[in-house]
Structures are given as structure tokens and as C-alpha cells.
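Readers should treat all values here as calculations from the given coordinates under stated rules, not as data from a laboratory. Bear in mind that the values here come from a model prediction, so they are computed numbers and not experimental data. So basically every Cβ, Gly included, is an ideal-geometry build from the backbone, and we count neighbours across all protein chains shown.
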Amino acid sequence: MNLAQQVLHTSFQSIYINEILSMVASYLPWTSLYRMRFWPGDCAKIVQAESRRRIFGVIERFVALDNIRNFVDLLHATDTIILGAAVRYVLLLNHPAHTPTMPSVLELATTEAMVDEWEQLLSSLGYESTERYPEASYKNRVKIVLDFERVLEDGTSTQVVLLVAKTSPLSVMIGSPTTAGMNAITSTLVVSFYPRLTFANEALQIEQVAVDDPLATAGVATFDSNSHWERPCGSYCPTKKRKPFDDDGAAIYCWRKDVIFEGDAELEWDDGSTLWGNQVATHFTYSDTLSWQVSNYCDNSSGCSYRDKLESRSQYL
């Protein structure tokens, strides 16, 4: 085999291998997909392409494929985030124990200054909007809600809900009445503050907050305590006060690298047992100085070092 034949053979072999790896990636659950990026060759690019395919697949239900780029660019330009069932669908796709259903509503959170931009884009896609006040559980974080609906030729409709934040989209995310709402897709990241619960398709209700939004719990097993947990709490103890930045329990995945924010830095991150993905220091998790706590009680009989520390401290005091 001469040099030209060797090069041609190697090129075809590489293409063939990448096609196989891309097919493998399309069947992997999210956590396995992101472990694949450590495989040799072009696997990191294949993982990012598959992540983009899954996210675009959800958006395409509400936005035509040839308009998705404009949609994602507007996410970036307005610091808007995708919330709710659409994010859970992406994270649970191909999960061996949970089969997510395609969301019927696309939830977005943005700021008041960016509402006109979204009204213009969605109107150009055939959506009509109505305005309403938020549910009581969101009233401290959401100023107003815009419901967009588009009737299709077959008589069915698609809906987009725009939550207009009083301060920041991040505040809407962590102000969810359950931990199921504490997942988001930005223009470059997928963020989950309770990945262990999300990948189990379950959630904890925030104490003293009524779950008055049916979208908050649709398809998710929701509990008012963690008494059923069979593992120590770790970073997810409901009594632990969490913050969005430098948080040791968050899982942050980068799905789109063609937009780089000034000051961003990728850090390889591991929680000690399960590799969730790359933690990215981004302006999103630093966009609001907030903290939250799920509950004042921890009922985990499997052990909780955080609860034990609090009890020891209270006895000492």
C-alpha cells in the first residue's frame, strides 16, 4: 500500500469510527455521554454535537429548525434561560429507569428589559401572547408572565411561557417551589443544582412554599422529606444553605463552546464519586447573590454529615 492509499484508508477508517461513535453517543444517557468526552480521538466533539442535537430536538418542537440559531443567539444576547420540563427531558433522555415525555410547554426566564426582544422573535414565528400574574409561589421572584401560543396547520398548538424576573433569570430558577425546577439550559451550559435527584426523576418540595404550578411537578415524583433516601445526603442535605456560585453540589455541562464569555474558565470537576461534567466558571451562576435552603429538617436515616455537624454545634452552644 503506497502513501496515498494509506492516507485514504486512514481517513475513511477515521470517518467510519466517528460515525459509529456518534451512533453510540445517541443512545447514551446524559451522564454516560459526558464521560465519553474523555475517550480518545474526536469524542469530545462528538459529545458536544450530540448534546446540541438533543437540546435542539426539544427547541424544534416550538421553533422551526431554520430559526433555532436565532433563538439560541437571543438566549445568549438577553441572558435568558430555559427552565422546567424541557431541561429535565434533555437530562433524562435514554435514562434506563425513566422515560421522559416531550414537553408540551417551553418555559423561559428573562428580565423585563429583554421582553420586547422575545415578543418580536416569537411574534415573527406566529405566536400570540397574553399577560397574567404569576402563581403565588413565584410572586417574590417573577414580576409578570407572558403566555405565547401558536396554532399549527393541523389544529394543534405549541406554547411558550416567558417568566419575567424581578431581578435575574437565576433568581427564578432557584426560586422554584421544588428542586425539579432548579435545572436550566443557557446559551452555552446545562446547569443542575440537584443532579442526584434530577437523574432519579424525583424532587423535594421547598418547605413552606405551595406547589401551585402544575408544570413544576408534572412527571416528577415529589416528596416533602428525604426520609426515603438510601444514601448519605452529601451536598444535597435539605438543611444545607446553598448558593449558586462555587457550589459543590452543582453539575454544570458545557454544550456550546463557539461562544466564549470573557473571564470564563473550564475546570475539571468531580464530586468524589460520580463525574457529572465540566464545571464552568460563568457569569450565569454569579449573576445574582442569592442563597436557598430546602428545609429546616433532614430525615435521612442513611446518614448526613451536614446534619451531624449542626447537631454537634448546637449541643456545644
From fewest to most C-beta neighbours within 10 Å, the residues D246, D73, D79 line up as D246, D73, D79
The residues S235, S124, sorted from fewest to most surrounding Cβ atoms within 10 Å, come out as S124, S235
per DSSP, antiparallel bridges as share of beta bridges in region 72-206, % nearest 5, sits at 75 percent
Neighbour-count ranking for E128, E202 (other C-beta within 10 angstrom, fewest to most) reads E128, E202
